[in-house]
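Peer 1: I'd like to ask some things about the structure below.
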Amino acid sequence: MPPYTANSLKAELNARGWRLTPQREKILHVFQNLSRGNHLSAEELYELLEQRGETISLSTIYRSVKLMSRMGILRELELAEGHKHYELNHPYPNHHHHMVCIQCNRTTEFKNDSILKHSLKQSEKEGFQLIDCQLTVMTICPEAIRMGWPSSLPSNWSCTRAISDGDHHHSLDFESEE
């Protein structure tokens, strides 16, 4: 699947009987320019657009990201923060999964081609077309474990790795195991 442009999004929306509204185009633009490894919730997207002087209602943002996820343009992610996040759904060479610390919400991306291969094989076997393949591994980060998670971790504890990282996101490359 090639990366989406405003024209390809417009063509796909038109084919399904929808329009490329200025709001949808602005939302696509934000995700196209989001640095690799970053994910946005609908609320974060709303705040970002508001800071740029764009007036798009939160309900329009919710509807748009849901629509773009169903179309396969965005990936809808269930991370540990209690709300969905979204990122651009990149072609398979850039396909990745997420490891999330349930204590500090630190998210680490990783690649593993065998997960994708098995998913493609199973989809084809059942006659399905694969749209997205994502694995979210819920973890406890090493710092939380060192601090005595879960029993002796102070209630006001914050992971220094997450604080120093700022955006809580990292990328790793794992070797695929066959």
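Peer 1: Which members of the stretch 116-142 meet the condition of being farther than 18 Å from G72 by Cα, without any contact (Cβ under 8 Å) to a residue 40 or more places away in the chain and open to solvent by less than 40 Å² (accessible area, probe 1.4 Å)?
Peer 2: Residue satisfying the conditions is I140 alone.
Peer 1: Mind telling me which of the residues N105, N156 ends up being more than 25 Å from H90 (Cβ to Cβ) and at pLDDT below 80?
Peer 2: When all the criteria are applied, what remains is N156.
Peer 1: Here's another thing I want to ask about it. Among (1) open to solvent by less than 10 Å² (accessible area, probe 1.4 Å); (2) of a type outside the set (S, T, Y); (3) within 24 Å of N14 (Cα to Cα), which single condition is L88 missing?
Peer 2: With respect to (1) open to solvent by less than 10 Å² (accessible area, probe 1.4 Å); (2) of a type outside the set (S, T, Y); (3) within 24 Å of N14 (Cα to Cα), L88 is out only on (1).
Peer 1: Can you find, within the stretch 59-82, the residue that is farthest from H95 (Cα to Cα) among those that are among the small types (G, A, S) and outside any helix (DSSP H, G or I)?
Peer 2: In this case the residue turns out to be G82.
Peer 1: Restricting attention to the stretch 21-58, and to residues there that are of a type in the set (V, I, T) and not in a helix (DSSP H, G or I), which single residue is surrounded by the most Cβ atoms within 10 Å (Cβ to Cβ)? Lay out the reasoning, then the answer.
Peer 2: Initial filter on the stretch 21-58 (of a type in the set (V, I, T)): 21, 27, 30, 55-56.
Those still in the list that are not in a helix (DSSP H, G or I) too: 21, 55-56.
Working: T21: 13, T55: 8, I56: 18.
Among residues in the stretch 21-58 that are of a type in the set (V, I, T) and not in a helix (DSSP H, G or I), the one surrounded by the most Cβ atoms within 10 Å (Cβ to Cβ) is I56.
Peer 1: Can I ask one more? Only one of (1) within 21 Å of E44 (Cα to Cα); (2) modelled with pLDDT under 80 fails for E175. Which number is that?
Peer 2: (1)
Peer 1: So L67 clears everything in (1) open to solvent by less than 20 Å² (accessible area, probe 1.4 Å); (2) closer than 25 Å to T108 by Cα except one condition, right? Which one?
Peer 2: Tallying (1) open to solvent by less than 20 Å² (accessible area, probe 1.4 Å); (2) closer than 25 Å to T108 by Cα, L67 fails exactly one: (2).
Peer 1: Another question, then. Considering only the stretch 9-20, state which residues are part of a helix (DSSP H, G or I) and surrounded by 15 or more Cβ atoms within 10 Å (Cβ to Cβ).
Peer 2: Listed by number, the residues that qualify are L9, K10, E12, L13.
The values are calculated or read from the model by the stated rules, or taken from the named source; none is laboratory data. Just so it is clear, the model here is predicted, and its values are computed rather than measured. Cβ atoms come from the backbone with ideal geometry, glycine included; neighbour counts cover every protein chain shown. Accessible surface areas use protein heavy atoms only, side chains included; no ligands, DNA or RNA. Shrake-Rupley method; radii C 1.70, N 1.55, O 1.52, S 1.80 Å.
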